[in-house]
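Q: Before we start, here is the structure in question, set down as structure tokens.
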Amino acid sequence: QAALREAWEEVSLDPAAVEVLGLSDAYETGTGYLVTPVVGWLSRTPELTPSPDEVAEIFEVPWDLLMDPAMLRRDHLETPGGARRWFWSVAYEDRYIWGVTAGIVRSLRIRLYG
């Protein structure tokens, strides 16, 4: 219910349009948060509106691209102290999907396809 409520608040996704399939594996962020992704199915493309306080932009990425292991990269940023912070990323057109989002997508791909 929390995931459906958040999707409604962030992008106006009607909870009644979502068939919840289940929970994916919990994902621990680099900052120590534990995120439990909820996987759902939409039978048609919904009309979405981003909440300006929550979401900068809505875009779609083809499923086949997200599930292609060749598209996933391990990137890093240099912290001001000189340490490297490593994270997963996926590039699509002019988009750069990284961090927790890319990590969750990677975990889902591994769970579904090994």
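The values are calculated or read from the model by the stated rules, or taken from the named source; none is laboratory data. Just so it is clear, the model here is predicted, and its values are computed rather than measured. Cβ sites come from the backbone with ideal geometry, for glycine too, and all protein chains shown count toward neighbours.
Q: How many of the residues making up the range 1-15 are in contact with a helix residue (DSSP H, G or I) (Cβ under 7 Å, 6 or more places away or on another chain), assigned to a helix (DSSP H, G or I) and hydrophobic (A, V, I, L, M, F, W, C)?
A: Selection size over the range 1-15: 2.
Q: Given the conditions (1) modelled with pLDDT under 95; (2) within 13 Å of the chain's Cα centre (by Cα), report the number of the one that ILE104 does not fulfil.
A: (1) is the only condition that ILE104 fails.
Q: If you don't mind, another one. Considering only strands (runs of 3 or more DSSP E) fully contained in the range 16-114, which possess at least 3 residues that are surrounded by fewer than 11 Cβ atoms within 10 Å (Cβ to Cβ)?
A: 18-23
Q: Related question: Only one of these conditions is not met by ARG5: (1) within 16 Å of the chain's Cα centre (by Cα); (2) at negative phi. Which number is it?
A: In the conditions (1) within 16 Å of the chain's Cα centre (by Cα); (2) at negative phi, ARG5 misses (1) alone.
Q: What pairs come up if the first residue lies in the range 52-80 and is touching a residue at least 40 places away in the same chain (Cβ under 8 Å), the second is not hydrophobic (A, V, I, L, M, F, W, C), and their beta carbons are under 6 Å apart, counting only those six or more places apart or on different chains?
A: Pairs found: GLU54/GLU10; VAL55/GLU10; ILE58/PRO50; MET67/ARG109.
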